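Here's the structure, in structure tokens; my notes come after.
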Amino acid sequence: NRIGDRGAVALAGALRSNSALLALNLMNNHIKEEGGVKLADALLENSTLAMIYLTGNRIGERGAGALLQALRHNLSLQHITLSGNGAEDDTCDQVQSLVGVNKGAADPQEALLIKVKQSDPWKPHHTAPLTRLNCS
């Protein structure tokens, strides 16, 4: 789709009032910092989205930091992928910990799962515990 920042900003507006969407796949959509920040802002108001896949964008440290701040208030998001976004490992570790809290996991390290097979992101696949979130 390659919606870029413009599409992410529009989508963020819809996410603010969303009450039905549970999962959103935005992998490899050329979303940069501005789009990442706007999506994070939307997550401050959204209380239904449980999964967001952001792998392969370039939201950078600014976008990942905004997601981190949003996750301090958003209790519904239980799964997020951030690899290939150019964010710092420390920020990703903090995001991972907050997602673990949202999931109610005893061990936040086990809370964030990564797909082993990416052929269909909507179909459950074998998953393995992620010990470190790769954000580079």
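Here are the numbers:
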| item | result |
| --- | --- |
| Selection count where residues are assigned to a helix (DSSP H, G or I), without any contact (Cβ under 8 Å) to a residue 40 or more places away in the chain and closer than 19 Å to H30 by Cα, scope segment 53-102 | 7 |
| Boolean, A40 is open to solvent by less than 20 Å² (accessible area, probe 1.4 Å), aliphatic (A, V, I, L, M) and touching a Ser or Thr at 6+ places or on another chain (Cβ under 6 Å) | no |
| Residues located in segment 1-19, provided they are more than 15 Å from the chain's Cα centre (by Cα) and either over 14 Å from L43 (Cα atoms) or open to solvent by less than 20 Å² (accessible area, probe 1.4 Å) (or both) | N1, R2, I3, G4, D5, R6, G7 |
| E34 vs. criteria out of contact with any Asp or Glu (no Cβ under 9 Å at 6 or more places or on another chain), touching a residue at least 12 places away in the same chain (Cβ under 8 Å) and acidic (D, E) | no |
| Residue match in segment 43-52 (condition: within 23 Å of D93 (Cβ to Cβ), open to solvent by 60 Å² or more (accessible area, probe 1.4 Å) and outside any strand (DSSP E or B)) | yes |
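The values are calculated or read from the model by the stated rules, or taken from the named source; none is laboratory data. Just so you know, these numbers come straight off a predicted model, no measurement behind them. Note: ideal-geometry Cβ built from the backbone for every residue, glycine included; neighbour counts use all protein chains shown. To get the accessible areas, we keep the full protein, side chains included, count just its heavy atoms, and leave off ligands, DNA and RNA. Shrake-Rupley method; radii C 1.70, N 1.55, O 1.52, S 1.80 Å.
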